[in-house]
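Student: The structure under discussion is supplied below as structure tokens; questions concerning it will follow.
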């Protein structure tokens, strides 16, 4: 899940009797499963909440290029290098669709970028973990893209039209990425002792951070209730996390890898796996800026943005001169 | 070394080294659109590498693969142009270099399409489609950055001045080139210079840049006699897994 801890109105779910007639009509449209389009009426809270969620999602795609970009220059074969390049390129493309979706809500890409760089907007906690061996490219694809898919498939039915449509394209590519990651893991577990060790180590390091991607339990979250009423969010964090565990455990068994959770077991009654919750203190540390890579990730984005300023300015200046020359010639 | 093998390594190594340098940008370009375009260029070049080095490996007949050639040769066995191995430095140098190379690749690959070697002709035809849009984009970007602001113009002039001593190497014919030309596999690189120069002059003019007057040329990349210090560092990064875990399948 690339949008964690998205704050909604902060006031909890608004009861129907407390809504204005416009908000009531808006809620009726959502309840009837209609899509909300950019020019339609929407409550301010809905707009702000969506901007935060889509922005966080877009930033996650862009910051998410970094941990995988870390291995592009060291990919072990020409095929792996091409596949990884294509994957990271897809992520930049996802960022682009999502920024465009957010722009329909009245916030520009540059404004959102500034908010990312000065810390007003967040990105997913998962990208604050380092990628240390080639097996991490497998684990990221398999687990991180796998967890992202769990969240994003239902978002294809989210209430805001441009977001839902962006998710349709994104989901197709994410499924491909997950298979690619699993394929890397397959090669590693079928390889040398060193490669198997790297594969298990990658799973050990990425398992709990992947579970954190769904966000803390939302039983008591006022934000989740409002987001779900607006169908900005479709499932609870806990439902998605359980689904992820249920699907991933057999895949790990197939790979011959051990999930780093001594308490993990199948529960016949619930027909789900019981598992250990991630360390939520660590999660809150990471989202408040103290993850292993937070500072480096943001610095990398700041450097890219600052170093590219002359290029963006020159392109704008050239476009203006070109337009002026064209006008003068007419 | 067989001349055809040597010729194919030159094509493959150009694509590999430039593809690698371009791939270093992934995630850090000045704008998302540029990030996507640079990655796309890198992908095209890595794809071309697979074709050229794949054929080189077959011609060599020494039971090596394209990956072996890419990941298990050292600096002295690389046959790329020196210009392609120097560091990216900034977006301006990256795009200027791409342009200087694309302006050669388009007429070069166009000519190779009629090579007497059908495999060379086939790879050239596929690569030409990509090189053509690379040239459209790199020329357009060089013009935009040259014409843009006083600062961007100064940067682009400095980068052109830096790269200029490396361009001459493209057009120096040697025995391998003569053997390829005699066998009608490829034209002499020197024969490409006029069309290349015309593209460069036209674009430099539109970009408000002046072409350096010196025709001094560094060489040693295509022949493998003397690369820059930069290539070794690039290979150390690129080849680290293949070198550290010999025989592993990835």
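The values are calculated or read from the model by the stated rules, or taken from the named source; none is laboratory data. This one's a predicted model, so the numbers in the text were calculated from it and none came from an experiment. Don't worry about glycine lacking a Cβ; one is built from the backbone with ideal geometry, like all the others, and counts go over all protein chains shown.
Student: Considering only region A:22-48, how many residues are closer than 30 Å to residue A:301 by Cβ and buried (at least 24 other Cβ atoms within 10 Å of the Cβ)?
Tutor: The qualifying residues number 1.
Student: Give me the residue from region A:281-300 that is assigned to a loop (DSSP other than H, G, I, E, B) and crowded, with 16+ Cβ neighbours inside 10 Å and, out of that set, farthest from the other protein chains (Cβ to nearest Cβ).
Tutor: A:291
Student: Does region B:166-187 hold any residues that are within 18 Å of residue B:111 (Cβ to Cβ) and buried (at least 16 other Cβ atoms within 10 Å of the Cβ), and which are they?
Tutor: Result: B:170, B:171, B:176, B:177, B:179, B:180, B:181, B:185, B:186, B:187.
Student: With (1) more than 16 Å from the chain's Cα centre (by Cα); (2) outside any loop (DSSP other than H, G, I, E, B) as the list, and residue B:116 as the residue in question, which single condition is left unmet?
Tutor: Tallying (1) more than 16 Å from the chain's Cα centre (by Cα); (2) outside any loop (DSSP other than H, G, I, E, B), residue B:116 fails exactly one: (2).
Student: Residues A:109, A:120, A:74: which one is more than 10 Å from every other protein chain (Cβ to nearest Cβ), farther than 19 Å from residue A:213 by Cα and more than 14 Å from the chain's Cα centre (by Cα)?
Tutor: A:120
Student: Got a number for residues in region B:206-250 being surrounded by fewer than 18 Cβ atoms within 10 Å (Cβ to Cβ), under 27 Å from residue B:168 (Cα atoms) and in contact with a helix residue (DSSP H, G or I) (Cβ under 8 Å, 6 or more places away or on another chain)?
Tutor: 14
Student: Among the numbered criteria (1) within 13 Å of chain A (Cβ to nearest Cβ); (2) under 30 Å from residue A:316 (Cβ atoms), which single criterion is violated by residue B:164?
Tutor: It fails just one condition, (1).
Student: Read through the list (1) crowded, with 19+ Cβ neighbours inside 10 Å; (2) part of a helix (DSSP H, G or I); (3) more than 14 Å from chain A (Cβ to nearest Cβ); (4) more than 17 Å from the chain's Cα centre (by Cα), then give the number of the only condition that residue B:155 fails.
Tutor: Only one criterion is unmet by residue B:155, namely (3).
Student: Now a separate question. Of all residues in region A:77-103, which are facing chain B (nearest Cβ under 7 Å), farther than 19 Å from residue A:2 by Cβ and in a helix (DSSP H, G or I)?
Tutor: Of everything in region A:77-103, those that are facing chain B (nearest Cβ under 7 Å), farther than 19 Å from residue A:2 by Cβ and in a helix (DSSP H, G or I) turn out to be A:78, A:80, A:81, A:82, A:85, A:86.
Student: Oh, and also: Would you please list the contacts, defined by Cβ atoms under 8 Å and residues six or more apart or on different chains, that run from a residue in region B:109-121 that is more than 16 Å from residue B:177 (Cβ to Cβ) to a residue that is part of a loop (DSSP other than H, G, I, E, B) and at pLDDT 95 or above?
Tutor: Every condition considered, the pairs that remain are B:121/B:113; B:121/B:114; B:121/B:115.
Student: Tell me, which helices (runs of 4 or more DSSP H) lie completely within region B:1-95 with 2 or more residues that are modelled with pLDDT under 95 and more than 9 Å from chain A (Cβ to nearest Cβ)?
Tutor: none
Student: Tell me which residues, restricted to region A:257-279, are touching a strand residue (DSSP E or B) at 6+ places or on another chain (Cβ under 7 Å) and outside any loop (DSSP other than H, G, I, E, B).
Tutor: If the condition is that a residue be touching a strand residue (DSSP E or B) at 6+ places or on another chain (Cβ under 7 Å) and outside any loop (DSSP other than H, G, I, E, B), then A:265, A:266, A:267, A:273, A:274 are the ones that fit.
Student: Filter region B:53-91 down to the residues that are under 11 Å from residue B:8 (Cα atoms), touching a helix residue (DSSP H, G or I) at 6+ places or on another chain (Cβ under 8 Å) and without any contact (Cβ under 8 Å) to a residue 40 or more places away in the chain and list them by number.
Tutor: Correct list: B:54, B:57.
Student: So which of B:128, B:163 ends up being buried (at least 17 other Cβ atoms within 10 Å of the Cβ) and without any contact (Cβ under 8 Å) to a residue 40 or more places away in the chain?
Tutor: Exactly one of B:128, B:163 is buried (at least 17 other Cβ atoms within 10 Å of the Cβ) and without any contact (Cβ under 8 Å) to a residue 40 or more places away in the chain, namely B:128.
Student: Name the helices (runs of 4 or more DSSP H) wholly inside region A:115-211 in which the number of residues that are surrounded by fewer than 21 Cβ atoms within 10 Å (Cβ to Cβ) is 2 or more.
Tutor: The helices (runs of 4 or more DSSP H) meeting that bar are A:146-155, A:161-189.
Student: Keeping to region A:301-330, report how many residues are under 30 Å from residue A:129 (Cβ atoms), within 7 Å of another protein chain (Cβ to nearest Cβ) and either touching a helix residue (DSSP H, G or I) at 6+ places or on another chain (Cβ under 7 Å) or modelled with pLDDT under 95 (or both).
Tutor: Within region A:301-330, residues that are under 30 Å from residue A:129 (Cβ atoms), within 7 Å of another protein chain (Cβ to nearest Cβ) and either touching a helix residue (DSSP H, G or I) at 6+ places or on another chain (Cβ under 7 Å) or modelled with pLDDT under 95 (or both) number 1.
Student: Applying the selection to region A:104-114, what residues are assigned to a helix (DSSP H, G or I) and surrounded by fewer than 18 Cβ atoms within 10 Å (Cβ to Cβ)?
Tutor: Those that are assigned to a helix (DSSP H, G or I) and surrounded by fewer than 18 Cβ atoms within 10 Å (Cβ to Cβ): A:110, A:111, A:114.
Student: Given the criteria modelled with pLDDT under 95 and over 21 Å from residue A:148 (Cβ atoms), does residue A:256 qualify?
Tutor: Criteria not met by residue A:256.
Student: Would it be correct to say that residue B:103 is surrounded by 24 or more Cβ atoms within 10 Å (Cβ to Cβ), in a helix (DSSP H, G or I) and within 14 Å of another protein chain (Cβ to nearest Cβ)?
Tutor: no
Student: If the requirement is being under 26 Å from residue B:219 (Cα atoms) and buried (at least 24 other Cβ atoms within 10 Å of the Cβ), which of these qualifies: B:85, B:60, B:89?
Tutor: The match here is B:85.
Rundown of residues vs (1) within 14 Å of another protein chain (Cβ to nearest Cβ); (2) in contact (Cβ under 8 Å) with a residue 60 or more places away in the chain; (3) in contact with a strand residue (DSSP E or B) (Cβ under 6 Å, 6 or more places away or on another chain), yes/no style:
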{"residue": "B:210", "(1), (2), (3)": "no, no, no"}
{"residue": "B:220", "(1), (2), (3)": "no, yes, no"}
{"residue": "B:233", "(1), (2), (3)": "yes, no, no"}
{"residue": "B:238", "(1), (2), (3)": "yes, yes, no"}
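Student: Identify the single condition in (1) without any contact (Cβ under 8 Å) to a residue 24 or more places away in the chain; (2) over 26 Å from residue B:248 (Cβ atoms); (3) surrounded by fewer than 20 Cβ atoms within 10 Å (Cβ to Cβ) that residue A:218 does not satisfy, given that it satisfies every other one.
Tutor: In the conditions (1) without any contact (Cβ under 8 Å) to a residue 24 or more places away in the chain; (2) over 26 Å from residue B:248 (Cβ atoms); (3) surrounded by fewer than 20 Cβ atoms within 10 Å (Cβ to Cβ), residue A:218 misses (3) alone.
Student: Another one. Determine, yes or no, whether residue B:192 is touching a residue at least 40 places away in the same chain (Cβ under 8 Å), in a helix (DSSP H, G or I) and buried (at least 21 other Cβ atoms within 10 Å of the Cβ).
Tutor: No, not satisfied.
Table: residues versus (1) within 22 Å of residue B:35 (Cβ to Cβ); (2) in a helix (DSSP H, G or I); (3) within 14 Å of another protein chain (Cβ to nearest Cβ).
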{"position": "A:4", "(1), (2), (3)": "no, no, no"}
{"position": "A:25", "(1), (2), (3)": "no, yes, no"}
{"position": "A:28", "(1), (2), (3)": "no, yes, no"}
{"position": "A:34", "(1), (2), (3)": "no, no, no"}
{"position": "A:49", "(1), (2), (3)": "no, yes, no"}
{"position": "A:54", "(1), (2), (3)": "yes, yes, no"}
{"position": "A:69", "(1), (2), (3)": "yes, yes, yes"}
